Amino acid sequence: MESDLYPFVKALLEGQGFAVKGEVKSCDVVGVRGAEPPVVVELKQSFGLALLMQGVDRLGMTDRVYLAVGQWPRQIKKVRKLCRRLGLGFIVVAHGRADVVFDPAPYVPRKDKRKLGRLLGEHARRVGDPNRGGSTTRARIVTAYRQEALRCAELLRSGPMKLADLRAKGDVPNASRILQADHYGWFERIERGTYVLTPAGRRDIEKFGAAFSKAA
């Protein structure tokens, strides 16, 4: 039961000079020390959504909110990241004692500039809006790379072409890289710098025809 955790959390806070009382205005544990903002602790035997929601609700009263559980979560790194994003502290009660795993603090995330650059680059390069948000079939997602490959494939439908002509007519600066990598199995080199469309390429042009027409 959650109440089994209470004596250990109470002892922890009292050891830090707090006056501690249980079940105050729906809060499991409330600690007061002088004129400082109160500490609120919500108790559950294991980490879950209900506990998290209680903690978020208590943040409306004080910034010093802890979640206390009776066992270590299996994915403690993810729990730590989630709680830190919300500004919640975390306590684990085990082996007859309560220990603070981390204190609540304002969350200031570090931005990944490389991921941001890739995100904005993909958004800028993608023509139109060929995908429905929330789609889960990755093979059907039309990326900017696939759009550029489709433009090359469409041009090759009429017959062999040189890379220079593809770059010029298809407005695909990366045509050389796309055809040489042949990620989708659409292209075949018949001589140096000259490519043709494979049967798979012809088939996929039809499959992605709707997306291609939106991108055009």
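Rule-based calculations on the coordinates, nothing more; no lab input. For clarity, every value in this text was computed on a predicted model and none was experimentally measured. Don't worry about glycine lacking a Cβ; one is built from the backbone with ideal geometry, like all the others, and counts go over all protein chains shown.
Stokes-Einstein diffusion of segment 2-102 at 25 °C, 0.890 mPa s viscosity, Kirkwood radius from Cα pairs, rounded to a whole number: 184 µm²/s. If the chain linking Arg80 and Glu122 were pulled fully straight, counting 0.36 nm for each residue of separation and taking away their Cα-Cα distance, it would gain 12.0 nm.
Compared with the dominant Cα axis of the chain, that is its longest principal axis, helix 113-125 is turned about 40°.
The overall shape of segment 126-215, judged from the alpha-carbon gyration tensor, is prolate: a/c is not under 1.5, and a/b is greater than b/c. So for the chain: antiparallel DSSP bridges make up what percent, rounded to the nearest 5? Restricted to the chain, the bridges split so that about 70 percent are antiparallel.
For segment 143-166 versus segment 96-131, the spacing of their alpha-carbon centroids is 35 Å. Principal-axis analysis of the Cα atoms of the chain puts helix 144-156 at an angle of about 10° to the longest axis.
Which number comes out as Rg/Rh for the chain once both Rg and the Kirkwood Rh are worked out on C-alpha atoms?
With Rh from the inverse mean 1/r over Cα pairs, Rg/Rh is 1.32.
Under the simplified labelling scheme, the Asp112-Thr143 pair shows an inter-label distance of 1.4 nm, with each label point 7 Å from Cα along Cα→Cβ.
Restricting attention to segment 2-102, close to 60% of DSSP beta bridges with both partner residues there are antiparallel.
Between Asp171 and Lys25, residue separation times 0.36 nm minus the direct Cα-Cα distance comes to 46.0 nm. For the chain, adding -39500 (n - 2.57) for each run of n ≥ 4 DSSP H residues and dividing by the number of residues yields -11500 deg cm²/dmol at 222 nm.
Cross-link pairs exceeding 31 Å between alpha carbons, from the set Lys111/Lys162; Lys10/Lys77; Lys78/Lys115; Lys10/Lys81; Lys113/Lys207; Lys78/Lys113: Lys111/Lys162; Lys113/Lys207.
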